[in-house]
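Read through the structure below, which is laid out as structure tokens, and then see the notes.
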Amino acid sequence: MRETLIVVGTAIIRDGHVLAAQRAEPERLRGLWEFPGGKTEPGETPAQALVRECQEELGVTVRAGEQIGADVPFPAPSDGHTRPAVLRLLGAELLTGEPRALEHREVRWVPAEGLRDLDWMPADIPFLAELTPLLQTHESPS
């Protein structure tokens, strides 16, 4: 069995909102929401992958932060995947740029109370409970 593939998701939090991205591809996943990110490349740490993926997918520069929640396993290898994989969610600080949907249909800042209103990718759903208190802690003072 080959080493587990780490797919990194990015939780960029700003003013009590987290950035969500709506998938454009593949067709069977089109319209589902996810935390931006992607697969780690050989020799790349999850933090390095997060920075690279945010530049490629969103056109922004971020600094990787702490892991949020536990790794979430993807279903058993299939559909061309030959090794086990997990989704790891890392917090990130937005350093430069405003996120744009370069590879997604749409990107949106979502408040804690709106997280459950989106149709999420199955692997991203377990992180919603972990994110809710983080978003409430980062709300701007009124």
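The values are calculated or read from the model by the stated rules, or taken from the named source; none is laboratory data. Because the structure is a prediction, the values reported are computed rather than measured. Cβ sites come from the backbone with ideal geometry, for glycine too, and all protein chains shown count toward neighbours. Quick note on the areas: whole protein, heavy atoms, side chains included, nothing else; ligands and nucleic acids left out. Shrake-Rupley method; radii C 1.70, N 1.55, O 1.52, S 1.80 Å.
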Which sequence of 61, 96 reflects their accessible areas, 1.4 Å probe, from the largest down?
96, 61
Considering only protein heavy atoms, what is the solvent-accessible area of residue 30 at a probe of 1.4 Å, reported in Å² to the nearest 10?
110
How large a share of the accessible area of the chain, in percent, is made up of carbon and sulfur atoms when the probe is 1.4 Å and the other protein chains stay in place?
50
5 angstrom amide H check on residue 60, placed H, neighbours 5+ away
55
What is the gain in length, in nm to one decimal, between residue 125 and residue 25 on full extension, counting 0.36 nm per residue of separation less the C-alpha to C-alpha distance?
34.1 nm
Debye, to nearest 20: dipole size of the chain, +1 on Lys, Arg Cβ, -1 on Asp, Glu Cβ:
200
If you place +1 on the Cβ of every Lys and Arg, -1 on the Cβ of every Asp and Glu, and leave all else neutral, what size is the dipole of the range 1-76 about its Cα centre, to the nearest 20 Debye?
100
How would 68, 13, 125 rank on accessible area, largest to smallest, probe 1.4 Å?
125, 13, 68
Using only the alpha-carbon atoms, how far is helix 46-58 inclined from the longest principal axis of the chain? Give it as 0 to 90 degrees, nearest 10.
70
With n ≥ 4 as the cut-off for DSSP H runs, can you work out [θ] at 222 nm for the chain, using -39500 (n - 2.57) per run divided by the number of residues, rounded to the nearest 500?
-5500 deg cm²/dmol
Before I look further, what does the chain give for accessible area per residue, probe 1.4 Å, in whole square angstrom?
55
I need the Debye-formula profile for the range 2-90: one equal scatterer per C-alpha, no solvent, reported as log10 I(q)/I(0) at q = 0.12, 0.18, 0.25 1/Å, two decimals.
-0.37, -0.85, -1.46
With all protein chains present, calculate the accessible area of residue 15 using a 1.4 Å probe and round the result to the nearest 10 Å².
90
Amide H contacts under 5 Å for residue 74, restricted to residues at least 5 apart in sequence or on another chain and with H modeled in the peptide plane, are 85, 86, 87
Simple spin-label model, 7 Å along Cα-to-Cβ: residue 98 to residue 32 in nm?
3.0
Which one of 107, 49, 61 has its Cα pushed farthest toward the positive end of the charge dipole of the range 1-134, where Lys and Arg give +1 and Asp and Glu give -1 at the Cβ?
49
Would you kindly calculate the translational diffusion coefficient of the range 18-142, applying Stokes-Einstein with the Kirkwood radius from alpha carbon pairs, for 37 °C and a viscosity of 0.692 mPa s, and quote it in µm² s⁻¹ without decimals?
214
